[in-house]
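The values are calculated or read from the model by the stated rules, or taken from the named source; none is laboratory data. If you're wondering where the values come from, they're calculated on a predicted model, not measured in any experiment. Positions of Cβ are backbone-derived with ideal geometry, glycine not excepted, and every protein chain shown enters the neighbour counts.
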Amino acid sequence: MHGIVPKTLEEYVVEHTDETAWDAVLERAAVETTLYLPVSRYDDRELEALLTALSNSAAQSREGIERDFGRRLAPALLATFDAHVADDRELHTVLLELEAIAADIESGIDGVSLPEVSGRVADEGNTVVVTYRSQREYCSLAHGVLEGFVSEFDAGAVVEKIDCVHEDADACRFRVALE
């Protein structure tokens with residue numbers, strides 16, 4: 001996994017609690033204390049252990065934590081990969097170009113494995129259906145990232161999950177209804 005993910009998770013936890021809580025999450029996850037660098041790569045199992053430890057100690061559900069974290073992660077993703085998203089693009093265009101953007105990012109970073117994402121127009125153009133497919137199955141995280149994109153692009157839109165691999169679908173799909 002790209003380093004921006006655990007780095008932002010640490011920021012998210014500290015922002016909502018404090019450094020001591022983050023240290024406790026690391027300990028419960030049996031993850032060695034480290035300085036997460038956005039330009040480094042980390043084992044996927046580490047993020048899974050961190051999210052599990054966090055959700056086991058929080059009042060919020062795992063899905064709620066992932067979704068909330070996804071909203072926080074979206075601006076970090078856009079800032080980290082800003083060279084792949086033109087400044088003048090609107091949310092609608094970015095969603096339709098997700099597959100090409102992800103492929104461009106993957107081709108430029110050795111060893112990175114991004115989820116399969118794509119967007120297609122639905123409902124006469126004012127809705128985009130985004131498909132997310134990954135062995136990681138972080139569907140709620142993807143939902144939150146899409147909501148974070150809506151916020152970052154200052155777009156009037158509603159994100160709704162319409163299919164999920166956790167409910168036996170072949171992929172997660174989200175309807176992004178632009179106003």
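When the stretch 147-179 is filtered for residues that are in a strand (DSSP E or B) and of a type in the set (A, V, I, L, M, F, W, C), the ones remaining, listed by number, are Ala157, Val158, Val159, Ile162, Cys172, Phe174, Val176, Ala177, Leu178. Exactly one residue out of Leu141, Leu98 is of a type in the set (A, V, I, L, M), touching a helix residue (DSSP H, G or I) at 6+ places or on another chain (Cβ under 9 Å) and under 29 Å from Ser55 (Cβ atoms), and it is Leu141.
Determine whether Glu147 is crowded, with 16+ Cβ neighbours inside 10 Å and either farther than 21 Å from Met1 by Cβ or assigned by TED's automatic domain parsing to the domain that holds Glu48 (or both).
In short, no.
Within the stretch 60-84, the set of residues being touching a helix residue (DSSP H, G or I) at 6+ places or on another chain (Cβ under 8 Å) and of a type in the set (Asp, Glu) comprises Glu63, Glu66, Asp68.
Results for (1) closer than 17 Å to Leu141 by Cα; (2) part of a helix (DSSP H, G or I); (3) of a type in the set (D, E, K, R), shown as yes or no for each residue.
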position: Ala53; (1), (2), (3): yes, yes, no
position: Ala74; (1), (2), (3): yes, yes, no
position: Ala83; (1), (2), (3): no, yes, no
position: Ala86; (1), (2), (3): no, no, no
position: Arg89; (1), (2), (3): no, no, yes
position: Ala102; (1), (2), (3): yes, yes, no
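Here Glu90, Glu15, Glu97 are screened, and the one residue that is out of contact with any Lys or Arg (no Cβ under 6 Å at 6 or more places or on another chain) and not assigned by TED's automatic domain parsing to the domain that holds Ser118 is Glu15.
One line per residue, one yes/no per condition, for (1) surrounded by 12 or more Cβ atoms within 10 Å (Cβ to Cβ); (2) free of Cβ contacts under 8 Å to residues at least 24 places away in the same chain; (3) outside any helix (DSSP H, G or I):
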site: Val25; (1), (2), (3): yes, no, no
site: Thr33; (1), (2), (3): no, yes, yes
site: Gln60; (1), (2), (3): yes, yes, yes
site: Phe69; (1), (2), (3): yes, no, no
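Does the stretch 18-40 hold any residues that are among the aromatic types (Phe, Trp, Tyr) and at pLDDT below 95, and which are they? Selection gives Tyr36 alone.
Close contacts from the stretch 128-143, counting a first residue that is farther than 16 Å from Ile65 by Cα and a second that is in a strand (DSSP E or B) and basic (Lys, Arg), with Cβ to Cβ under 6 Å and a gap of 6+ residues or different chains, come to Val129/Arg120; Val129/Arg173; Val129/Arg175; Thr131/Arg173.
Give the residues of the stretch 104-125 that are assigned to a loop (DSSP other than H, G, I, E, B) and either among the hydrophobic types (A, V, I, L, M, F, W, C) or closer than 22 Å to Val165 by Cβ (or both), sorted by residue number.
Our first condition is that a residue be assigned to a loop (DSSP other than H, G, I, E, B); within the stretch 104-125, this holds for 109-115.
Of everything in the stretch 104-125, those that are assigned to a loop (DSSP other than H, G, I, E, B) and either among the hydrophobic types (A, V, I, L, M, F, W, C) or closer than 22 Å to Val165 by Cβ (or both) turn out to be Ile109, Val112, Ser113, Leu114, Pro115.
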